[in-house]
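See structure below.
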Amino acid sequence: MRLAWMIALLVAFAGHAAIFAATPGWRPAPPRMALPDMVEVRPGAFDYRASGEFTRDGRPAPAPRETITIARPLAIMRHQVTAADYRLCVDDGACPPVDGDAAPDRPVVKVSWRDAQAYASWLSRVTAARFRLPSDEEWAYAAASRFRDDGLPDSAYADPGRQALARYDAEVGSDDGNDKEPQPVGTFGANEHGLVDMAGNVWEWTDTCFARVMLDGRGEPAARLTNCGVRLAAGRHRSYVPDFIRDARGGGCSAGAQPSNLGFRLVRDDGGWRGLRRMLAGQ
Amino acid sequence: MTVISTTPTAMVAALAAVVWTAPAVAQDLELPRQKIELVAPPFVHPHEQATIEGPKIIEVRIVAEEKEIVIDDQGTRLQAMTFNGSIPAPLIVAHEGDYVEVTLVSAETNTMPHNIDFHAATGASGGGDLTLIGPGEQAVMRWKATRPGVFVYHCIPGGPMIPWHIASGMSGAVMVLPRDGLRDGAGKPLKYDRVYYIGENDFYVPRDSAGKFKSYPSHGDAFADTLELMRKLVPSHVVFNGRVGALTGKNAMPAKVGETVLIIHSQPDRDSRVHIIGGHGDFVWETGKFGNRPEIDVETWFVRGGSASAVLYKFLQPGIYGYVNHNMIEAVELGATAHFKVEGTWSDDLMRQVQAPGPMAPQAKVTAAPPTSTGTVDKRR
C-alpha cells in the first residue's frame, strides 16, 4: 500500500516536473557556463524623459518627463557583450555569425536586435538563469549620469525648421569626435554603478518599441501607437532602428547623427519560478 | 663664405643669394599682378563677383603632396595625392581675360612626378606638358582665362598614373567669372551672398579576403591592387570633400533664409547628379559655362565626369538640407552626402504640417493587398 502510494507520488511528480521544465526559470539542465559579470543596481526612482514621439493637440510636442520607479534590484551586465562572448553562441549554433574579424576584447557590434534576442535565449539556456534586453527605462536608470536627456526646448517645436535644427545640433553635439571603431572594454570608463562603457561609441539595443503618443490639450495620453518592428537603441542619444539592422552608421535618413555601432548588454531577470521563490522568501 | 652668423646683415645676404640663384621667371606681360592665397574647400578665397578693373595676372601657388588620409568614420586609409593638401584642391577664381600664373611645386617627400591640366586653359594638355615635375622641383605656367565658367583641373602625369592620381584626390576647379558678373537668361545681374565649392570624388580602396579595407605602407604598395579595382569601375567610396561626412555634422555648411548661395560642384571621373533635398536650383549652369543661359527651377542637375556645375539657390526655409548625389545608393551607402544648415523663419505658406503623424482616420483604413492579388487596395472597407 505504502509502496503503491510512493509510486503514484513519483509518477505525479514526474508529470509535474515536465510542466516545470517548460516553465521559464525552471532549471532543465545544470548550467554549462558561468554567469557573466553582473552589477546589481539598487531599486529607486528617477526622473525620466519618455521615449518616442509625442504630439499634443495634434502638434509635435516635447516628450513628457516622469518619475519612474525601479522596484526591484536591477542586475545588469557590467560590460557590453564582447565579440568573444558572442562567438561562443555562434559556435554553439544558436546565434547568427556576424563580423568574424572583430577583436575578442571589444564589444560585439554589427548585431541586430534579433541577434541580441538569440544571444539572450542562448545565454539563458547555458547558464540556467534568465537574461533579456533591458527596457529603455532600465537602461536609463542603470546609465545614471551617463544618460543624456534628448528633450528639446519647447521653442524647438514651433516649426519644422527649428525642430530639425535643434535635433541636429543636439545629436551632432553629442558626438565627441572620437574614433567610431569599437574600443577595448573599459575604454569609456565606468559610471557611478560600476557599469563600463555606457554611452560610449557602441549603442545598446533595448526591448523598447518605437511609440507615438498623442496627448490631449491637458497633456493626458489620448492614444498610443507602437511599432515593435523598430526598437530603441540607447547611447549618447536615442536612436530608433529597425530590428533587423546590424549597422546603422550609414543612416538611411538624409540628416541626423546615427549610432556609430550597434551592440548590447543584458539584464538578468529572475522571473518565473525563481522570481516567485525570491518573492515568497521576501527578497 | 663659410662663416655661420645670425646677424641680420648676414641673413639678408644669404636670402639675397637664394633669390639670385632661383630660376628667373619671365616678366614679359606688363599687367598688374595679384597674388591669391588659396583656401581649402568648401570655402573659396575672397574675390569680386564683377570687376571694373582691367585684366590682371592672378598668381597662385599649388603644392603637390602625397599623403595618407582617413576617408571614413571606420578609419579606412587611402594613400592619397593632393594639391595644397586638400581634396578637392582649392577653387581658383579669376575673371574672363585675366591670366592665371601657376607655380606648381612638388613636395620633397613625394615619390612620383606630378603636373596639372587646367580644362579652362588652351594647349599643351591644359598645361600638363609644361608642368611635369619631380619631388623638390617647381614649374611656372601661365594661361589666359578666355572662357567664362567653372572648369576642372587635375593631375595628368601619363598612362595609368592619370586615372590613379585623379582617383587619389588630385583635382580641383577654376571659376572664371564674366568681368561684369553672372546674369540670368534675360541679362539681369545675379549676385550671391555665399559661395561653396564641393568636390566629389570616387575612391577605390581594395579589401582583403575577409572583406576588410586594406591599408598600404606606401603609394607604390597600393598601386597594383588599386588599379585592379579601378578597372572594375565600382568605387568603394563616393565622397564630397575627401571623406565620408566631410560636410555634415559640425562641418555642415551654414546659410540663412533669404541668402543666395552659389554652389560649385566638380567630379573629375564619374558622372554625378546633384540634388538638394527640400530645395532647388534657381539658376543652373549644368555644364558650368556662364556664356550659356542658366536653366531655372531645376530639381536635379547632371555633373558630367570631368566637369563642374554652378548653381545659384536662395534658401527659403530653415532646417537641415541634404545635398546629395541623387543616386541615393552613392549618397547613403558610399558617402556622397553633405548638409546645409539653414537658420531663419519658417514659411507656413510654403509648407505646413496640417496633421502630425497619428492614427489613420477610420474611413481611410488601408491595408496592403494580399500577395496573390494584383488588384488595387479597397479603400471602402
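Values quoted throughout were computed directly from the atomic coordinates according to the rules given, and no laboratory measurement underlies them. Quick caveat: nothing in here was measured; it's all calculated off a predicted structure. Using ideal geometry, Cβ is built from the backbone for each residue, glycine included, and neighbour counts are taken over all protein chains shown.
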19 Å tail of the calculated P(r), the range B:77-144, as % of Cα pairs: 36 percent
Peptide ranges A:107-114, B:355-362 listed from the most packed, as the mean C-beta count within 10 angstrom indicates: A:107-114, B:355-362
Taking the convex hull of Cα positions in the range B:238-367, its mean projected area over all directions (nm²): 10.6 nm²
Selected from B:Thr300, B:Val284, B:Gly127, residue furthest toward positive end of dipole (the protein assembly as shown; charges at beta carbon): B:Thr300
Spatially proximal lysines relative to B:Lys250 (Cα-Cα < 17 Å; intrachain offsets below 8 disregarded): A:Lys180, B:Lys341
Kirkwood Rh (inverse of mean 1/r, distinct Cα pairs), the range B:288-364, angstrom: 16.2 Å
Test item: Cα-centred dipole of the range B:137-201, Lys/Arg +1 and Asp/Glu -1 on Cβ, debye: 360 debye
When the range B:202-299 is reduced to its Cα atoms, the Kirkwood hydrodynamic radius in Å: 16.8 Å
Descending Cα extents along the principal axes, the range B:120-186, whole Å: 48, 24, 20
20 Å Cα-Cα threshold exceeded, pairs from B:Lys67/B:Lys232; B:Lys35/B:Lys144; B:Lys144/B:Lys289: B:Lys67/B:Lys232
At 0.692 mPa s and 37 °C, Stokes diffusion of the range B:184-245 via Kirkwood alpha-carbon radius, µm² per second: 223 µm²/s
The range A:142-233 - Debye-derived log10 I(q)/I(0), Cα point model, q = 0.13, 0.15 Å⁻¹: -0.66, -0.86
Theoretical ellipticity at 222 nm over the protein assembly as shown - DSSP helices of four or more residues, -39500 (n - 2.57) apiece, nearest 500: -5000 deg cm²/dmol
When the range A:86-166 is reduced to its Cα atoms, the Kirkwood hydrodynamic radius in Å: 15.9 Å
Spherically averaged projected area of the range A:36-184 from its Cα convex hull (nm²): 11.2 nm²
Listed residue (A:Ala63, A:Ser121, A:Gly93) projecting farthest to the positive dipole end of the range A:58-125, Cβ model: A:Ala63
Cα convex hull of the range B:65-110, projected area averaged across orientations, nm²: 4.3 nm²
DSSP-assigned coil residues among GluC sites (Glu not before Pro) in the range B:247-353, each with at most 15 further Cβ atoms within 10 Å: B:Glu299
Neighbour-count ranking [beta-carbon atoms within 10 angstrom, fewest first] of A:Glu137, B:Glu48: B:Glu48, A:Glu137
B:Ser218-B:Asp180 FRET efficiency (beta carbon distance; Förster radius 60 Å; 0.05 resolution): 0.75
Convex hull volume per residue for the range B:146-275, taking Cα atoms only, in Å³: 161 Å³
Likely footprinting exposure, A:Cys209, B:Cys155, fewest C-beta neighbours within 10 Å first: A:Cys209, B:Cys155
Likely footprinting exposure, A:Tyr119, A:Tyr86, fewest C-beta neighbours within 10 Å first: A:Tyr119, A:Tyr86
Whole-number D in µm²/s for chain B (Stokes-Einstein; Kirkwood sum over Cα pairs; 10 °C, 1.306 mPa s): 69 µm²/s
Per-selection metrics, the protein assembly as shown (Cα): Rg and Dmax in Å: 31.8, 128
Where only C-alpha atoms are counted, convex hull volume of the range B:39-90 per residue in Å³: 79 Å³
Rg to Rh quotient for the range B:58-173, alpha carbon positions, Kirkwood Rh: 0.98
Electrostatic dipole magnitude of the protein assembly as shown [Cβ: Lys, Arg +1; Asp, Glu -1; Cα centre; debye, to 20]: 2440 debye
